[in-house]
1. Those residues that are under 28 Å from Glu70 (Cβ atoms) and open to solvent by 100 Å² or more (accessible area, probe 1.4 Å), I need them from the range 20-60; list them, please.
2. Among the residues of the range 39-71, write down those that are under 17 Å from Ser11 (Cβ atoms) and of a type in the set (D, E, K, R).
3. If Phe7 satisfies all but one of (1) open to solvent by 90 Å² or more (accessible area, probe 1.4 Å); (2) touching an Asp or Glu at 6+ places or on another chain (Cβ under 6 Å), what's the number of the condition it fails?
Amino acid sequence: MANLSKFCTCSELECDFHPTNHDKGCSLCMEENLRTREIPNCFFTLIEGAEKRKGDTFEDFARLILEKDEK
């Protein structure tokens, strides 16, 4: 866990891009998410009910935020 940032909330330890699986911190994850136009998993952990989401797209993230604000 030496490569884990103090603020990291990602629990996807099996992901190749998780900071515990290499020595490049969050860079690989961010690079991949920017390339695929997705939001990193750690952002979703901030939203209650995010584990039920359909995907990690910008739209999926926005949908969760809007649903949260409607409650």
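1. Within the range 20-60, Arg37, Leu46, Glu48, Glu51, Lys52, Lys54, Glu59 qualify.
2. Answer for the range 39-71, where residues must be under 17 Å from Ser11 (Cβ atoms) and of a type in the set (D, E, K, R): Glu48, Glu51, Lys52, Arg53, Asp56.
3. Going through (1) open to solvent by 90 Å² or more (accessible area, probe 1.4 Å); (2) touching an Asp or Glu at 6+ places or on another chain (Cβ under 6 Å) one by one, Phe7 breaks only (2).
The values are calculated or read from the model by the stated rules, or taken from the named source; none is laboratory data. On a predicted model such as this, the values are computed, not experimentally measured, just so you know. As a convention, Cβ positions derive from the backbone with ideal geometry for all residues, glycine included, and neighbour counts pool all protein chains shown. Quick note on the areas: whole protein, heavy atoms, side chains included, nothing else; ligands and nucleic acids left out. Shrake-Rupley method; radii C 1.70, N 1.55, O 1.52, S 1.80 Å.
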